[in-house]
Amino acid sequence: MTTHIEDNLRVLAIANQKGGVGKTTTTINLGTALAAIGERVLIIDMDSQGNASTGLGISEQDRTITTYDILSSRASLAQAALPTEVANLFIVPANSDLVGLEAEIITAQNRNFRMRDAVLALIAGQQSHPDIPSYTYILIDCPPSLSTLTINAMVAANSVLVPVQCEFYALEGISQLHATIEGVRATLNPDLEIHGVVLTMHDTRTSFSTEVANEVKNFFGPKVYETYIPRNIRVAEAPSHGKPILLYDMKCPGSQAYIKLASEVVDRERELRAA
């Protein structure tokens, strides 16, 4: 079974089973930066903690239709998508309902394809209403595990974007993630590829960050983006205000880095489509 995603919509799963590497921060701020340069972006929060939803200012009481409803076939992505403070940026929120989902669908034959089917239904809706602006990017914020939720994201995705923190155990578990991506490609989604690896929490003042960056580059080669996301207190503060960094502090180094990363992602997309 393959994922047939139309050329003008790209689906990226933001994944790494290690926690604290900047998956949600990258999802929110890359989505904001893509929207700022003219893309129409839908973020899908696939983490039961709902941090992407909180980070974009979506309160618990406003999460009336969530990712849980999508994956349990109770609602569509179009029904669940909420606007954010950022023009052209929407989110399908999540909450703790997702915790029990895996047990609920474990025996279902299509358990790994539910998000893919939801994305295909969204595309069909966009094609039947050409007068309504279509999404050009879907970013799926995966939980910190290689669970059914992450598998669903990878089956629905064109590619995987991997955030890697510049810390001592940066590559710990990366081989397992790589094996999971290869396994999904071999059995569930033959078109899946690694879009790129983004180094997060990079500190230019330390030689250690440079060593980690070189280690990651040795492992992933040209898949590593040229843009590094710096360790920046403003980036850390922004989610507590329910804002992406580009709204919280447009001029800080973190904002500028995410704008550069968005440009790099779009450039890679052009290269992929031209190949």
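The values are calculated or read from the model by the stated rules, or taken from the named source; none is laboratory data. Note that the coordinates shown come from a computational prediction; the quantities given were computed from them, not determined experimentally. Virtual Cβ from ideal backbone geometry, glycine too; neighbours counted across all protein chains shown.
Given the conditions (1) charged (D, E, K, R); (2) at pLDDT 95 or above; (3) under 17 Å from the mean Cα position of the chain (by Cα), and given that residue 23 satisfies all but one, which numbered condition is not satisfied?
Failed condition: (2).
Within the range 96-121, restricting attention to residues that are part of a helix (DSSP H, G or I) and in contact (Cβ under 8 Å) with a residue 60 or more places away in the chain, which residue is surrounded by the most Cβ atoms within 10 Å (Cβ to Cβ)?
115
Looking only at the range 86-95, filter to residues that are part of a loop (DSSP other than H, G, I, E, B) and in contact with a helix residue (DSSP H, G or I) (Cβ under 6 Å, 6 or more places away or on another chain); which one of those is nearest to residue 123 (Cα to Cα)?
Quick first cut of the range 86-95, residues part of a loop (DSSP other than H, G, I, E, B) only: 86-88, 93-95.
This time we only want the ones that are in contact with a helix residue (DSSP H, G or I) (Cβ under 6 Å, 6 or more places away or on another chain), so: 86, 88, 93-94.
Values: 86: 22, 88: 17, 93: 19, 94: 21 Å.
The residue in question is 88.
Taking the condition surrounded by 14 or more Cβ atoms within 10 Å (Cβ to Cβ), within 15 Å of residue 138 (Cβ to Cβ) and not acidic (Asp, Glu), does residue 92 pass? Outline the logic, then answer.
Details: surrounded by 14 or more Cβ atoms within 10 Å (Cβ to Cβ): yes; within 15 Å of residue 138 (Cβ to Cβ): yes; not acidic (Asp, Glu): yes.
So residue 92 passes the test.
Restrict the check to the range 198-217 and report whether at least one residue is surrounded by fewer than 19 Cβ atoms within 10 Å (Cβ to Cβ), modelled with pLDDT under 95 and of a type in the set (Gly, Ala, Ser). So that I can check it myself, show each step before the final result.
Pass one, the range 198-217, residues surrounded by fewer than 19 Cβ atoms within 10 Å (Cβ to Cβ): 203-208, 210-211, 213-215, 217.
Those left that are additionally modelled with pLDDT under 95: 203-208, 210-211, 213-215, 217.
Next cut, of a type in the set (Gly, Ala, Ser) only: 207, 213.
Within the range 198-217 (the criterion being surrounded by fewer than 19 Cβ atoms within 10 Å (Cβ to Cβ), modelled with pLDDT under 95 and of a type in the set (Gly, Ala, Ser)), the answer is yes, since at least one residue qualifies.
Are any of the residues in the range 122-135 in contact with a Lys or Arg (Cβ under 7 Å, 6 or more places away or on another chain) and surrounded by fewer than 21 Cβ atoms within 10 Å (Cβ to Cβ)?
Filtering the range 122-135 down to residues in contact with a Lys or Arg (Cβ under 7 Å, 6 or more places away or on another chain) leaves 133-135.
With surrounded by fewer than 21 Cβ atoms within 10 Å (Cβ to Cβ) added as a condition, the list becomes 133-134.
Within the range 122-135 (the criterion being in contact with a Lys or Arg (Cβ under 7 Å, 6 or more places away or on another chain) and surrounded by fewer than 21 Cβ atoms within 10 Å (Cβ to Cβ)), the answer is yes, since at least one residue qualifies.
Just the residues that are assigned to a helix (DSSP H, G or I) and within 10 Å of the chain's Cα centre (by Cα), please, taken from the range 130-153.
Of the residues in the range 130-153, the ones assigned to a helix (DSSP H, G or I) are 148-153.
Across the range 130-153, the qualifying residue is only 153.
Which of the following residues is of a type in the set (Phe, Trp, Tyr) and at pLDDT 90 or above: 137, 169?
Numbers: 169 fails: at pLDDT 90 or above.
Residue meeting the stated conditions: 137.
Condition (residue is over 17 Å from the mean Cα position of the chain (by Cα) and of a type in the set (Lys, Arg)) applied to the range 34-57: is it met by at least one residue?
Checking the range 34-57: not a single residue is over 17 Å from the mean Cα position of the chain (by Cα) and of a type in the set (Lys, Arg).
Is it the case that residue 64 is surrounded by fewer than 23 Cβ atoms within 10 Å (Cβ to Cβ), among the β-branched types (Val, Ile, Thr), at negative phi and in contact (Cβ under 8 Å) with a residue 40 or more places away in the chain? Quick ask: steps written out before the conclusion?
Details: surrounded by fewer than 23 Cβ atoms within 10 Å (Cβ to Cβ): yes; among the β-branched types (Val, Ile, Thr): yes; at negative phi: yes; in contact (Cβ under 8 Å) with a residue 40 or more places away in the chain: no.
When the stated conditions are applied, residue 64 does not pass them.
Conditions first: (1) part of a loop (DSSP other than H, G, I, E, B); (2) free of Cβ contacts under 8 Å to residues at least 12 places away in the same chain; (3) touching a Ser or Thr at 6+ places or on another chain (Cβ under 9 Å). Residue 191 passes all but one, so which condition is the exception?
(2)
Among the listed residues 259, 245, which satisfies the condition of being within 22 Å of residue 53 (Cα to Cα), of a type in the set (A, V, I, L, M), at pLDDT below 90 and under 17 Å from the mean Cα position of the chain (by Cα)? Working first, answer last.
Working: 259 fails: at pLDDT below 90.
From the options 259, 245, the qualifying one is 245.
State whether the residues of the range 224-236 include one that is among the aromatic types (Phe, Trp, Tyr), in a loop (DSSP other than H, G, I, E, B) and under 19 Å from residue 165 (Cβ atoms).
Of the range 224-236, the ones among the aromatic types (Phe, Trp, Tyr) are 225, 228.
With the extra rule that they be in a loop (DSSP other than H, G, I, E, B), the set shrinks to 225, 228.
If we keep only those that are under 19 Å from residue 165 (Cβ atoms) as well, we get 225, 228.
Checked the range 224-236: at least one residue is among the aromatic types (Phe, Trp, Tyr), in a loop (DSSP other than H, G, I, E, B) and under 19 Å from residue 165 (Cβ atoms).
Considering (1) touching a residue at least 40 places away in the same chain (Cβ under 8 Å); (2) buried (at least 20 other Cβ atoms within 10 Å of the Cβ), say which one residue 173 fails and leave the rest.
All conditions pass for residue 173, except number (2).
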